[in-house]
Amino acid sequence: SAPTSAAVCPARCLSKPQPPPASPPWPQCGPTVSRSAASRMARPAPSVGFALPTSTPIRERGRRNSTLPPPMLVTLDRHLRDVSGASPELVAVLEALECSFREVSLLLRHGLRTGGDAKHGSGVWQREVLKLDQKVAEIILAALRGTRTRVVALGTHEGVVELEGESSGNGIGLDAAPPAPAPAVSADPYDYYCAPTSPVTSPCVRRFAVVVDPLGGDAEKADAGASSGTIFSVYSARAGGTRASVLRRGEEMLAAGYVVFGAATQLVLSVGRGVDGFTLHPSLGCFTLTRPQLRMPHTGRFYSVNLGHRRQWSEAMALHVDLVSQSKSLRYTGTFVADVHRTLLYGGVFFYPASSRRPRGKLRLLFQAAPVAFLMEQAGGGSACGAERTLEIEPGTLNQCVPVAFGSRSDVDAYVRSSAVHSA
């Protein structure tokens, strides 16, 4: 007898004509489509090549399937204490800076308290910008008072501030022993975070000098919702005076970094063992490792420069930028920290050259150029002031400015060769 069940004879069931699709409940506003054309449009595209059942777990990049546990959250505190190889005193300073950055992030969410009658460039607006910059400086100073920081150089009107009194620094003495070695590397091959096997211990330093640019000159952009940032660097304090502790070459830094306050609050930090990126977790309220061991590409697809000042550049600099523009795309926001962050992540080159209006450039060597140059070199890139390496320049004053280029090693080398040829 012929089978009557569809489960026994699926071919006969599939050959039966399917009922026409039900008409939609909403009125048809477009042109009338025939039933055969509608069925052809409803068919799956043949270029897909497969159908994914809803019960199949979605594959994730770098992982076997979604049934694996989520990546381990590594906080900044744990990274500094167990992996970075920094001394306990330096760790205390960096943790204090982390606490201040969390507070600044909350402060910047509200923008400027100017009111509806404060126009851009007016006296009320300018006073609010100054208040915001000073408030960020006060938050950072208050956080550093509980550490072994002796001198703080601020990129605001305060200049160099000497913190008086000896601090216990979390109960660690001045001659504390070096930190214990890092724990063993995890055997999980899907663990995106692996501790280095041979940590380098930073020398035990009695006191520190911290250089901070509170908002990098971008306080006015906070009112427009644009990204702003804080740049910092840490040196060992000298006994010769407060200014002698901070007027140092960039290659003498113990640590450097910056924070980007934007859609997400991101911290980029180096203690001399590469560059790591952290993001402020909105639920946990702490920075977690999201970009371990950042490495810049040898060359990049973007260049950053303010072309509005092109007429004020030297002929050699204008020709070099024209040459770069033939193979790269322009990306420029006008916010220094944001442009540097993009260059560090994706490569390319950032220029701020000298001009007829600013013969020595605009970026300050101590507060901006040197810390960023330190990070670029730690990530495999480079930085130069003309034909001279940025980290080898010793500042003569707190606000000394330099023309500078940051970026991928190949792109900065091309800038150095161009500067050397035209300066000869």
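The values are calculated or read from the model by the stated rules, or taken from the named source; none is laboratory data. What you are looking at is a predicted structure, and each value in this text was computed from that prediction instead of being measured. Note that each Cβ is placed from the backbone with ideal geometry, even for glycine, and that neighbours are counted across all protein chains shown. Heavy atoms of the whole protein, side chains included, go into the accessibility calculation; ligands, DNA and RNA do not. Shrake-Rupley method; radii C 1.70, N 1.55, O 1.52, S 1.80 Å.
Residue under question is VAL136, and the condition is that it be outside any strand (DSSP E or B), open to solvent by less than 20 Å² (accessible area, probe 1.4 Å) and either modelled with pLDDT of 90 or more or closer than 26 Å to LEU108 by Cα (or both); does it hold?
Numbers: outside any strand (DSSP E or B): yes; open to solvent by less than 20 Å² (accessible area, probe 1.4 Å): yes; either modelled with pLDDT of 90 or more or closer than 26 Å to LEU108 by Cα (or both): yes.
Taking the combined requirement at face value, the residue satisfies it.
Spot the failing condition for THR279; the list is (1) under 23 Å from ALA373 (Cα atoms); (2) at pLDDT below 90, and only one is missed.
Here THR279 meets the rest and fails (2).
Any residue in region 406-424 that's closer than 21 Å to LEU365 by Cβ and at pLDDT 85 or above: show its pairings with residues that are among the polar types (S, T, N, Q) and in a helix (DSSP H, G or I) at Cβ separation under 9 Å, as long as the two are six or more apart or on different chains.
PHE406/THR343; PHE406/THR390; GLY407/THR343
Give ARG249, ARG243 a once-over and let me know the one that is of a type in the set (Lys, Arg) and either at pLDDT below 90 or open to solvent by less than 10 Å² (accessible area, probe 1.4 Å) (or both). Break it down into steps so the answer makes sense when it comes.
Details: ARG249 fails: either at pLDDT below 90 or open to solvent by less than 10 Å² (accessible area, probe 1.4 Å) (or both).
Result of the check over ARG249, ARG243: ARG243.
So which residues in region 74-98 are more than 16 Å from PHE208 (Cβ to Cβ) and in a helix (DSSP H, G or I)?
Step one: filter region 74-98 for residues more than 16 Å from PHE208 (Cβ to Cβ), giving 74-79, 81-83, 85.
Listed by number, the residues that qualify are LEU76, ASP77, ARG78, HIS79, ARG81, ASP82.
Which members of region 327-383 meet the condition of being under 24 Å from GLU315 (Cα atoms), among the polar types (S, T, N, Q) and in contact (Cβ under 8 Å) with a residue 40 or more places away in the chain?
Matches in region 327-383: SER355, SER356.
Could you list, in sequence order, all residues of region 246-263 that are hydrophobic (A, V, I, L, M, F, W, C) and within 30 Å of LEU106 (Cα to Cα)? First the steps, then the outcome.
Start the filter on region 246-263 by keeping residues that are hydrophobic (A, V, I, L, M, F, W, C), which leaves 246-247, 253-256, 259-261, 263.
Listed by number, the residues that qualify are VAL246, MET253, LEU254, ALA255, ALA256, VAL259, VAL260, PHE261, ALA263.
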